[in-house]
1. Of all accessible surface on region 103-155 at a 1.4 Å probe, what whole percent is carbon and sulfur?
2. By the scheme Lys and Arg +1, Asp and Glu -1, what is the net charge of all other residues having a beta-carbon under 14 Å from that of Phe414?
3. Could you work out what % of the accessible surface of region 359-415 is carbon and sulfur, using a 1.4 angstrom probe and leaving DNA, RNA and ligands out of the count?
4. Give me the accessible area per residue for region 15-138, probe 1.4 Å, as a whole number in Å².
5. Express in nm, to one decimal, how much length is gained between Thr370 and Arg51 on full extension, taking 0.36 nm for each residue of separation and deducting their alpha carbon distance.
6. For His155, His22, give the ranking by accessible area with the largest first, probe 1.4 Å.
7. How much accessible surface area, in Å² rounded to 10, belongs to the heavy atoms of His77 with a 1.4 Å probe?
8. Would you mind checking region 23-66 for residues with the amide N under 19 Å from a putative spin-label position 7 Å along Cα→C-beta of Ala111?
Amino acid sequence: MPVNGENATPPPAGHERPDWPHIAREIADDLATDAVVREQAGKAPLDEVARLREAGLLALLVPAERGGGGADWRTAHAVLRTVTAADGALGHLLGNHYFLSTSARHLASPARAERVERQSAAGQWCWGGGIAGREPPLTLVPTSDGYLLGGSRRHVTGVAVADRLAVRAVRSGTDEPLAVLVDPAHPGVTAGGGGDTFGQRLAAGGAVEFDEVPVAADDVLGSLSPDEGILSPYACLAAPTARLVSAQFCLGVAEGLLAEVREYERLADSPWAEPAWRPPAAGRPWPDAVHPWRDGPDGPERRDPYAVALYGELAVAVRAAAALADQALGALEAGLARGEDLDDDECAEIAVLAGAAEAAAARAAQDGATRALDVVGADAAAARHGFDRFWRDARTHTLREPVAHRLREVGDYFLHGSHPPFTLPA
């Protein structure tokens, strides 16, 4: 039985759902044409988000009967990876939006989750914020008709473009952490600086202050308490759901860089390439090696064994991480289908699989974003190629989500059977 709208009802007879992966590829192709220029400019991605909204990708995961795209997480992951490969920062923003916009399914009552999703689809909301516990919490003070939200956050993803912010706050008097929904257009919400990270420049992040911002009781999505027994196993699936969004972002970054480096290598040796695309021999990582794509008059020449082996190694790492992420997604889908019948042990197994997938994808992205450039050599440093943006996007992400934390959880589960704590990506 569907839980909180996780599985949308089939569309009416004769009505076909959009081909979301195809739509995502078209948008990604468009984004890729000027990705380097836009990333270097670092402007708020208002136009880019408008494209996602126009294409229906912001409401992708809202069930069709609630006015959304009616897609499942497998489709959303494919869309996210496609967009991320073209524009990593926008992919990060989209992934954050997908998780936050569905978080009410785990944390709120079914009626409240349905109301929120209907409003989100009707308004084509772009969600920003973050409900992880990395920073000192905001404060939620009860009033006669709701709450007042106060405090500040140093970094909130999407704040420059979001229609709604989902943030973490503690209720005054009980210190229980709660996820709350806020309209950033309220005069008590002030976005400031803090968006000067070296990576993910188009993720529209920055610092935010909340000065006695009214929060209705219905806009409190639910508890984020890690204490045992507070959240049901189904609610705890919010954590692996977010972990797999993080993994898909990392996979998109890795695939995007490998695709661009491969295209560069082909163009560099093409007789029709622009002169600027032909790097000097001294720029090659191994000057005496033959280029991996070059064909001689009598057929393929001897290939550069170093470059070919490195490409193979990186491709294996990405494909292995993708396979692990797919396995974890299958487990997550089964857990979501079980709904409130899910038990703690099943939830722990899903969380461990998701953590392992996130760790593998993060390493594939970070290592790939470093080592793939070794094939190109010194010319990889040329700003016109923009190869560095992949490394910066991946490194910014892994600084916020260190691989060591996921490996510790996986190891503790393997050795002692310890259940991973309820933690969400930043």
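The values are calculated or read from the model by the stated rules, or taken from the named source; none is laboratory data. Fair warning: this is a prediction, and the values are worked out from it, not measured in the lab. Because the Cβ atoms are built from the backbone with ideal geometry, glycine has one as well, and the counts that use them run over all protein chains shown. Each accessible area value is taken on the protein alone, full model and side chains, heavy atoms only, with ligands, DNA and RNA left out. Shrake-Rupley method; radii C 1.70, N 1.55, O 1.52, S 1.80 Å.
1. Working: 1170 of 2230 Å².
C and S atoms contribute 52 percent here.
2. Values: positive: Arg406, Arg408; negative: Glu349, Glu409, Asp412.
Residues close to Phe414 contribute a combined charge of -1.
3. Working: 1490 of 2480 Å².
The computed percentage sits at 60.
4. Values: 4630 Å² over 124 residues.
Using a 1.4 Å probe on heavy atoms only, each residue of region 15-138 averages 37 Å².
5. On the way: separation 319, 0.36 × 319 = 114.84 nm, distance 3.09 nm.
Gain in length upon complete extension: 111.8 nm.
6. Details: His155 45, His22 80 Å².
If we order His155, His22 from most to least accessible, we get His22, His155.
7. Rounded to the nearest 10, the figure is 10 Å².
8. Residues 66 qualify, since their backbone N sits under 19 Å from the label point.
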